[in-house]
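The values are calculated or read from the model by the stated rules, or taken from the named source; none is laboratory data. Since the structure is predicted, the reported quantities are computational estimates derived from the model, not experimental observations. Please note: Cβ atoms are built from the backbone with ideal geometry, for glycine as well, and neighbour counts cover all protein chains shown.
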Amino acid sequence: MPGEPSMKILVVGGGGREHALAWKLAADSRRPRIFCAPGNAGTAQTAVNLPIAATDIEGLLEWARTERPDLTVVGPEAPLCAGIADRFESEGLRVFGPRADGARLEGSKVFAKEIMLAAGVPTAPARWFSDHAAAGEYLQAHGAPVVIKADGLAAGKGVFVCTTEEEAQDALKKIMLEKEFGPAGERVLIEDLLDGEEVSMLALVDGDKALLLASSQDHKRIYDGDRGPNTGGMGAYSPAPVADEEMRARVEREIFGRLLAELKRRDIRYQGILYAGLMITGRGPHVLEFNCRFGDPETQAILPRWEGDMLPALEACLRGELRQELVAWRPDACVCVVMASQGYPGRYAKGRPIKGLDQAAALPGVTVFHAGTTLAENDEVVTSGGRVLGVTALGKDLPEAVERAYAAVDAIDFEGAQYRRDIAARALGRKT
Ligand code: AMP
Ligand code: GLY
């Protein structure tokens, strides 16, 4: 309507996921104004960046009290676990993302395991301990292989997949005695190892129902062939062929359906994205972890496939009126290749100028999402984080999307750039 002030949306976070969210929301037919806190050089193209950290809930609230955004979409888990949704809601502000009680599904792996067992959600058998000696004894009896997990948030670093008991005892020591993850390691889970293919299934949840989004697969290790240390995610593709219709129906029924029923029994109203990290085993899908938010980099591979507006689906979630018709997918495949800084996931260099962004973005089907980038004083885009860019391409099928994404990667250059050359290779292998 002419003269009507446009809708305001605040996106909390500053990585590739948030650039993808800001990009998708900015393209909505209502043309909302997007603000991103703190954002990056990429979000600056479609949003107004605010110099407020994603974890500074008081700072974000202060901005929101005066600016009154119509909607706030929270990217990372830390503010959700710290109760950003509760705080915003108590001031009459609409937030897309669960309250702290629901976010515990990600914030405490013990809580997630306990609730899955109560709900009958398929997951690896596990025991949990707060006493190191008791954990060690159990481990000795259990033997290897085994998976050791710190209970709390540990930026993806608190999980140890151990092939020998010695490795597992070492992990227990690191977590419980050396307290490498601080209070996140006060309790540990000792879990059976599952074998199979991993897939990420994200769902919109409106407090009552779950609506599955397109499937995707992440690549957690730094090097080709799934070697080297774990990272935040080096690339993703969507859809994941392992999640066929039959598997999606099982995931919907056996995982999301049962979990939501159990949350309800406990009076936990979950609203937002619920992300299930799954292992597709010979006995069907099993949950490795829940996240209370969009995945990164999965979101970069999923949102370009979203047909039409996303905003109505997010709003329907908040009203408890989610409907299948609100979500549709382009048949195209999408591939996101993460370009990371030299040294990542360890210490890495910053401030390196990035060349070729415009040339890459001009290639067919390509969108370059920024993660760890910032604008230097001369307005040049420079690196500022471990994961720097999510170079993303749509194609009529996975081979075309892969080819396009890597053509774009080839067009981009910064000193020390590292990336995997085998994103989606597993799915391509399956197809031939
Ligand atoms: P999580 O943060 O719990 O998803 O664990 C991180 C990664 O560790 C997962 O993506 C899997 O690759 C691996 N992992 C976690 N739990 C298990 C398990 N029970 N069996 C095999 N691999 C696992
Ligand atoms: N890509 C894994 C995550 O977002 O947790």
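Values for this structure:
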{"item": "Test set (1) within 16 Å of ligand 1 (Cβ to nearest atom); (2) at pLDDT 95 or above - Phe256 fails condition number", "result": "(1)"}
{"item": "Hits in the stretch 205-241 (condition: within 16 Å of ligand 2 (Cβ to nearest atom), farther than 20 Å from Gly386 by Cβ and of a type in the set (A, V, I, L, M, F, W, C))", "result": "Leu213, Ala214, Ala240"}
{"item": "Subset of the stretch 56-101 (residues that are touching a Leu at 6+ places or on another chain (Cβ under 9 Å) and of a type in the set (A, V, I, L, M))", "result": "Leu60, Leu61, Ala64, Leu71, Val73, Val74, Ala78, Ile84, Leu93, Val95, Ala100"}
{"item": "Selection from the stretch 101-129 of residues that are among the basic types (Lys, Arg) and farther than 11 Å from Leu189 by Cα", "result": "Arg104"}
{"item": "Subset of the stretch 316-369 [among the β-branched types (Val, Ile, Thr) and assigned to a strand (DSSP E or B)]", "result": "Val335, Val337, Val338, Val366, Thr367, Val368"}
{"item": "Single match in Lys149, Lys173, Lys157, Lys220 (criterion: among the charged types (D, E, K, R) and away from ligand 1 (no atom under 12 Å from the Cβ))", "result": "Lys173"}
{"item": "Members of the stretch 261-295 found to be within 16 Å of ligand 2 (Cβ to nearest atom) and part of a loop (DSSP other than H, G, I, E, B), listed by number", "result": "Cys292, Arg293, Phe294, Gly295"}
{"item": "Condition check for Met247: closer than 28 Å to Ala126 by Cα, surrounded by fewer than 22 Cβ atoms within 10 Å (Cβ to Cβ), within 13 Å of ligand 1 (Cβ to nearest atom) and of a type in the set (A, V, I, L, M)", "result": "no"}
{"item": "Residue list for the stretch 198-212, restricted to those being over 18 Å from Glu262 (Cβ atoms) and in contact with a Phe, Trp or Tyr (Cβ under 6 Å, 6 or more places away or on another chain)", "result": "Leu202"}
{"item": "Leu71 vs. criteria at pLDDT 95 or above, touching a strand residue (DSSP E or B) at 6+ places or on another chain (Cβ under 8 Å), under 25 Å from Met279 (Cα atoms) and aliphatic (A, V, I, L, M)", "result": "no"}
{"item": "Any pair with Cβ under 9 angstrom, 6 or more apart, that starts in the stretch 101-115 at a residue that is assigned to a helix (DSSP H, G or I) and ends at one that is polar (S, T, N, Q)", "result": "Gly102/Gln271; Leu105/Asn291; Glu106/Asn291; Ala112/Thr123; Lys113/Thr123; Glu114/Ser108"}
{"item": "Output for the stretch 7-49, where each listed residue is on the phi > 0 side of the Ramachandran plot and of a type in the set (D, E, K, R)", "result": "Arg31"}
{"item": "Residue in the stretch 355-384 that is nearest to the chain's Cα centre (by Cα), counting only those that are more than 16 Å from Ala44 (Cα to Cα) and of a type outside the set (Lys, Arg)", "result": "Val366"}
{"item": "Single residue of the stretch 408-432 satisfying the filter (among the small types (Gly, Ala, Ser) and farther than 23 Å from Thr43 by Cα) that is nearest to the chain's Cα centre (by Cα)", "result": "Ala424"}
